[in-house]
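J.: Attaching a single structure in structure tokens format; questions to follow.
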Amino acid sequence: MAINLSDISFYYKKHHAQILKIPEWKLTSESKIFIQGASGTGKTTFLNILCGLMSPQNGKVELFGTQINRLNAAQRDSFRANNVGYVFQQFNLIPYLSAVENIILANHFSKNQNNAKKEEALDLLSRLDVNRKDWNLEGRNLSVGQQQRVAIARALINNPKLLITDEPTSALDIKNRENFMNLLMDVVNENHITLVCVGHDPALAKFFNVVEDFSNINKLVIEK
Ligand SMILES: Nc1ncnc2c1ncn2[C@@H]1O[C@H](COP(=O)(O)OP(=O)(O)OP(=O)(O)O)[C@@H](O)[C@H]1O
Ligand SMILES: [Mg+2]
């Protein structure tokens, strides 16, 4: 099992409204799931809990057999670096590092560090259709579509078992969205990666082998 959640409850601060209530949710390895839900219902919060960036007040978060919310913060960071790639909703590239440097930086936190990673970063960039002339542009000078591709390359550089993407095509037009999703699926299939994607664009559903409504996962969301 790639993901096994049980009895999760999460609120940002004591006395604030509860955001997540997940009695149970499981995902088998190598699934490609698209989780659809309206804005503000807790999808990004859910992803942050899933990968251990945040811990729930209650419940169990198990990834590939490891209960990550039992690890200490340093162990959790290291587990994440070695097993999870995350493409954030806002990409979170370092603005003053180049495209290539942004990707290699992610490898710095992993136990699989090696110098061949620069080659691999360049290879990923060309596979993701980022032009060679843009490889050394700083993050802040990349277009939004390019930032998206660099963020995906960064998430893949450590060969994660799980890839998490938060609204991955929100900044792309229809043609680029199709190209981008096809590329993403090729990379995910080739490397046997489990893919969890959240979003509200129904046009993405066709790329995935599982589509689930977020209200089936987070019981605080009222079904439409
Ligand atoms: N750091 C935070 N502190 C307090 N409340 C927060 C914080 N981050 C998010 N929230 C609240 O939690 C709720 C869920 O937010 P979240 O970002 O998880 O939703 P989302 O489903 O990802 O929305 P969107 O589709 O717009 O990205 C919202 O009401 C939001 O205001
Ligand atoms: Mg969000």
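The values are calculated or read from the model by the stated rules, or taken from the named source; none is laboratory data. Remember, it's a predicted structure, so these values are computed and weren't measured experimentally. No Cβ is skipped: glycine too gets one built from the backbone with ideal geometry, and neighbour counts run over all protein chains shown. These area figures cover heavy atoms from the full protein model, side chains too; ligands, DNA and RNA do not enter into them. Shrake-Rupley method; radii C 1.70, N 1.55, O 1.52, S 1.80 Å.
J.: Given R₀ = 25 Å, what would the calculated FRET efficiency be for Gln90 paired with Met1, taking r from the Cβ atoms and rounding to 0.05?
T.: FRET efficiency, Gln90 to Met1: 0.25.
J.: Using helices alone, I'd like the mean residue ellipticity at 222 nm for the chain: each DSSP H run of four-plus residues gives -39500 (n - 2.57), total over residue count, nearest 500.
T.: Using -39500 (n - 2.57) per qualifying helix, the result is -10000 deg cm²/dmol.
J.: Give the aspartates and glutamates whose C-alpha is closer than 12 Å to that of Lys206, dropping any in the same chain fewer than 8 places away, or say none.
T.: In chain and number order, the partners are Glu178.
J.: Which log10 I(q)/I(0) values, to two decimals, does region 1-58 give at q = 0.17, 0.22, 0.25 Å⁻¹ under the Debye formula with one point per Cα?
T.: Debye output, listed in q order: -0.59, -0.96, -1.20.
J.: I need the calculated FRET efficiency for the pair Ala38 and Tyr11, taking r as the beta carbon distance and R₀ as 22 Å, to the nearest 0.05.
T.: Here the calculated transfer efficiency is 0.70.
J.: Under a Cβ-only charge scheme (Lys and Arg +1, Asp and Glu -1), can you give me the dipole magnitude of region 131-212 about the Cα centre, in debye to the nearest 20?
T.: The dipole of region 131-212 has a size of about 280 debye.
J.: Could you compute how much accessible surface His16 exposes when probed at 1.4 Å, giving the result in Å² to the nearest 10?
T.: Solvent-accessible area, nearest 10 Å²: 110 Å².
J.: In debye to the nearest 20, how big a dipole does the chain give about its Cα centre with +1 on each Lys and Arg Cβ and -1 on each Asp and Glu Cβ?
T.: Here the chain has a charge dipole of around 520 debye.
J.: Could you work out what % of the accessible surface of the chain is carbon and sulfur, using a 1.4 angstrom probe and leaving DNA, RNA and ligands out of the count?
T.: Looking at the chain in its full context, I get 47 percent from C and S.
J.: Here's something else I'd like to know. Rounded to the nearest 20 Debye, what is the dipole magnitude of region 10-95 about its Cα centre when Lys and Arg each give +1 and Asp and Glu each give -1 at the C-beta?
T.: Dipole of region 10-95, to the nearest 20 debye: 240 debye.
J.: Here is a follow-up. What ³J(HN,Hα) values, in whole Hz, does the Karplus curve 6.51 cos²θ - 1.76 cosθ + 1.60 give for region 30-47 when θ = phi - 60°, with x put for Gly and Pro?
T.: Along region 30-47, the couplings run 6, 5, 10, 10, 10, 9, 9, x, 6, 4, x, 8, x, 5, 5, 4, 4, 5 Hz.
J.: Net charge within 13 Å of Leu47 by Cβ-Cβ distance, Lys/Arg positive one each and Asp/Glu negative one each, not counting Leu47 itself?
T.: Value of the local net charge: 0.
J.: Given Ala17, Gln67, Tyr96, which one lies farthest toward the positive end of the charge dipole of region 7-126, if we put +1 on the Cβ of every Lys and Arg and -1 on the Cβ of every Asp and Glu?
T.: Of the candidates, Ala17 comes out farthest on the positive side.
J.: Could you tell me which residue out of Ile152, Ser55, Asn83 lies farthest along the dipole of region 40-166 toward its positive end? Charges go on the beta carbon: Lys and Arg +1, Asp and Glu -1, centred on the Cα centre.
T.: Ser55
J.: Could you give the distance between the Cα centres of region 154-224 and region 11-47, to the whole Å?
T.: 15 Å
J.: For the chain, what does the accessible surface come to per residue with a 1.4 Å probe? Please give it in Å².
T.: 49 Å²
J.: So for region 131-217, taking the charge dipole from beta-carbon charges (+1 Lys/Arg, -1 Asp/Glu), which of Ala203, Leu163, Asn131 sits furthest toward the positive end?
T.: Asn131
J.: Could I ask something else about it? Using Cα positions and a limit of under 29 Å, work out the lysines in reach of Lys133, with same-chain residues fewer than 8 apart set aside.
T.: Qualifying lysines at Cα under 29 Å: Lys117, Lys118, Lys175.
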